[in-house]
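Q: Handing you this structure, nothing more for now.
The values are calculated or read from the model by the stated rules, or taken from the named source; none is laboratory data. Everything quoted here is computed from the prediction, not taken from an experiment. Calculation scope for accessible area: heavy atoms of the full protein, side chains included, ligands and nucleic acids excluded. Shrake-Rupley method; radii C 1.70, N 1.55, O 1.52, S 1.80 Å.
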Amino acid sequence: MPDTARVWIYQANRKFSNEEKDLITSRMTAFCDQWNTHGNRMPTSFDIKYDQFIILSVDESQLGASGCSIDSSVRTLRELDEVLQVNLLDQGKVSFINQDEITISSLGQIKEYIQDGQLTSSTKVFNTTVQRKEDLKDKWLIPASDSWLNRYFNN
């Protein structure tokens, strides 16, 4: 995919097992092989990162993803979520790296992690709102101080 490809990031509430990654790969490959907008196949791909994130991308340079095509991708992710029970579609999660491990937190728990010192302004957090493949390089995993979490730290 080109750097300008649009991406959607889905984060699980735990790591995927090897069997689950095989299932995700099988279902996402089948989906990508047929994903289309108004009958036209879209150039698309996916990746599994950190054994916990599914990144779906589409090159919109010739065809933009329509509402119906986006709905079909969400339907596929919802089906995977139902099978795997990993909470892929919940946007109310915050993920960060804590002692070389990914910690997933609900929004309500963030203050506790900060008070306990497990989440500091320099802690790397995952910014799941990135929209372009090029942003995965330097805007996906960022210091908490560069994210919306900055308001919780004494500046």
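Q: Roughly what percent of Cα-Cα pairs across segment 82-152 reach past 13 Å?
A: For segment 82-152, the share of Cα pairs beyond 13 Å comes to 67 percent.
Q: At 0.36 nm per residue, and after removing the present C-alpha to C-alpha distance, how many nm does the segment from ASN13 to SER121 gain when stretched out fully?
A: 36.6 nm
Q: Also: What does the accessible area per residue of the chain come to in Å², with a 1.4 Å probe and no ligands, DNA or RNA counted?
A: Value returned for the chain: 55 Å² of accessible area per residue.
Q: Calculate how steeply helix 67-84 sits against the longest principal axis of the alpha-carbon atoms of the chain, using the helix alpha-carbon long axis, and give the answer as 0 to 90 degrees to the nearest 10.
A: Helix 67-84 sits at roughly 60 degrees to that axis.
Q: If I fit a long axis through the Cα atoms of helix 18-34 and take the longest principal axis of the Cα atoms of the chain, what angle between them do I get, 0 to 90°, rounded to 10?
A: Orientation of helix 18-34: about 40 degrees from the principal axis.
Q: Hey, another quick one. Between ALA5 and residues 5 or more places away or on another chain, which pairs have amide H atoms under 5 Å apart, with H built 1.01 Å from N, and which residues are they?
A: LYS133, GLU134
Q: Let me ask you something else. In segment 72-155, carbon and sulfur make up what percent of the accessible area (probe 1.4 Å)?
A: With neighbouring chains kept in place, the figure for segment 72-155 is 40 percent.
Q: Check which residues have an amide H placed less than 5 Å from LEU141's amide H, if you skip close sequence neighbours.
A: Amide H neighbours of LEU141, under 5 Å, 5+ apart: ASN127.
Q: While we're on this one: What are the ³J(HN,Hα) couplings of segment 138-153, residue after residue, when phi is run through the Karplus curve with 6.51, -1.76, 1.60 and θ = phi - 60°? Round to Hz, x for glycine and proline.
A: 9, 10, 8, 10, 10, x, 4, 5, 8, 10, 5, 5, 3, 5, 8, 9
Q: Under Stokes-Einstein, with the Kirkwood radius over Cα pairs standing in for Rh, what whole-number D in µm²/s applies to the chain at 4 °C and 1.567 mPa s?
A: Taking Rh from Cα pairs, D becomes 78 µm²/s.
Q: Please give the contour-minus-distance gain from ALA30 to THR4: 0.36 nm per residue of separation, less the Cα-Cα distance, rounded to one decimal in nm.
A: So the extension gain works out to 7.0 nm.
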